Amino acid sequence: MNVENYKKKVFETIEKFNLIEKNDKIFVAVSGGKDSAAALFLLKEYAENYVNAEIVAFHINLNFEFSNKVEEVVKEICKIAKVDLIVRNVKEYGMDILKISKIKKRPVCSICGLIKRYLINKVAKESRATKVATGHHMYDFLIFYFRNILTKNFEWNFKILPKLKAYTDKFVTKIRPLFFAKPEENKYFCEINKIPFLTICPYSISIGCYADKRSLKIYEIIKNESIDWEEILRSIAIFNRKYFSKYLKEEEEKIGRCEICGEPTNLKICGFCRLTNIK
Ligand code: SF4
Ligand code: ZN
């Protein structure tokens, strides 16, 4: 693998989809894994060289038995990247992910994902970030795409874009600089630059934040089929940008606010606040 080509591909994604703009304050969600670490370093390098933007790292301590070790690695990553870090612990919000998962009989990843999405959006807004960046890679989006087709959640696929614009103050614009990058490329980039990272969370099934067998099956097909997946994903993104921006704007405007916390939800009480009542 050629690191320069990889970097060029990520920088082209940033440029082509206008991911970083002048005076942006970009909140990078750093998990301690290779993908978000690569995203942090590449965004920092791009911001330093091409546009005046502030890069801040954000980490959520999930309060699992190994989470303090993860937090230490994240601190180390941010120290090397020379980026300020904001940390929140789910226990500050009264959340015990494993306990909730047991009581609700829902997979750990489903509860964890809901809490992470909520806190990233909320803390980014509180910190006046203009954008939130995540380390999602090409396979994440392809798995999401095919899973949504199989589960008939077709409209979720309209959000598969390197930049998911926020149209109201309920959300922060999401950017995905590694949209066209493969996880193995992100890993190689970290290794060659001696960036520390931890391998997969024990609650996932080997490929990332997925706990279902269907995702694993899709992943295996993607990995083993010699199809130009990058080109397919590129077409999906072009199609979505061309035809569904108006739809996404209208859908976002319809979303209300939680009666308890004021965060966006389609119900009276948001999913996060409903979890806080579980004892
Ligand atoms: Fe959370 Fe599951 Fe990802 Fe682990 S694998 S961090 S439990 S979503
Ligand atoms: Zn709420």
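The values are calculated or read from the model by the stated rules, or taken from the named source; none is laboratory data. Quantities reported herein were computed from a predicted structural model and do not represent experimental measurements. A quick note on method: Cβ atoms are made from the backbone with ideal geometry, for glycine too, and the neighbour counts reach across all protein chains shown.
Taking interchain pairs and intrachain pairs at least six residues apart, which have beta carbon atoms under 9 angstrom, with the first residue in the stretch 162-176 and free of Cβ contacts under 8 Å to residues at least 12 places away in the same chain and the second among the charged types (D, E, K, R) and surrounded by fewer than 20 Cβ atoms within 10 Å (Cβ to Cβ)?
none
Is it true that some residue in the stretch 244-251 is under 26 Å from F158 (Cβ atoms), more than 8 Å from ligand 2 (Cβ to nearest atom), under 23 Å from the mean Cα position of the chain (by Cα) and of a type in the set (A, V, I, L, M, F, W, C)?
The answer is yes; a qualifying residue exists.
In the stretch 265-279, which residues are of a type in the set (S, T, Y) and either modelled with pLDDT under 95 or in a loop (DSSP other than H, G, I, E, B) (or both)? Spell out the reasoning first.
So the first thing to find is which residues in the stretch 265-279 are of a type in the set (S, T, Y), and the list is 265, 276.
Scanning the stretch 265-279 gives a single hit, T276.
Taking the criterion of being of a type in the set (V, I, T) and more than 12 Å from ligand 1 (Cβ to nearest atom), would at least one residue in the stretch 113-121 satisfy it?
Taking the stretch 113-121 and keeping what is of a type in the set (V, I, T), we get 115, 120.
Within this subset, residues satisfying the condition of being more than 12 Å from ligand 1 (Cβ to nearest atom) are 120.
Yes, because at least one residue in the stretch 113-121 is of a type in the set (V, I, T) and more than 12 Å from ligand 1 (Cβ to nearest atom).
Test Y139 against the criterion of being within 16 Å of ligand 2 (Cβ to nearest atom) and hydroxyl-bearing (S, T, Y), and give yes or no. Give the steps one after another, and end with the answer.
Values: within 16 Å of ligand 2 (Cβ to nearest atom): no; hydroxyl-bearing (S, T, Y): yes.
Taking the combined requirement at face value, the residue does not satisfy it.
Go over the candidates L233, L248, L198, L275 one by one and state the one that is closer than 29 Å to L19 by Cα, touching a residue at least 40 places away in the same chain (Cβ under 8 Å) and within 16 Å of ligand 1 (Cβ to nearest atom).
L198
Does P183 qualify as being surrounded by 15 or more Cβ atoms within 10 Å (Cβ to Cβ) and either at positive phi or in contact (Cβ under 8 Å) with a residue 60 or more places away in the chain (or both)?
yes
Determine which member of the set E220, E191, E184 is part of a helix (DSSP H, G or I) and closer than 26 Å to R106 by Cα.
On the way: E191 fails: closer than 26 Å to R106 by Cα; E184 fails: closer than 26 Å to R106 by Cα.
After ruling out the rest, the residue left standing is E220.
For the stretch 186-207: of the residues being within 17 Å of the chain's Cα centre (by Cα) and crowded, with 21+ Cβ neighbours inside 10 Å, which is nearest to E45 (Cα to Cα)?
If we take residues in the stretch 186-207 being within 17 Å of the chain's Cα centre (by Cα) and crowded, with 21+ Cβ neighbours inside 10 Å, then N186 is nearest to E45 (Cα to Cα).
On the given criteria, is E191 at pLDDT 90 or above and either over 28 Å from L114 (Cα atoms) or in contact with a strand residue (DSSP E or B) (Cβ under 7 Å, 6 or more places away or on another chain) (or both)?
yes
Just one of the numbered conditions (1) away from ligand 2 (no atom under 16 Å from the Cβ); (2) over 26 Å from Y6 (Cβ atoms) is not true of Y93; which one?
(1)
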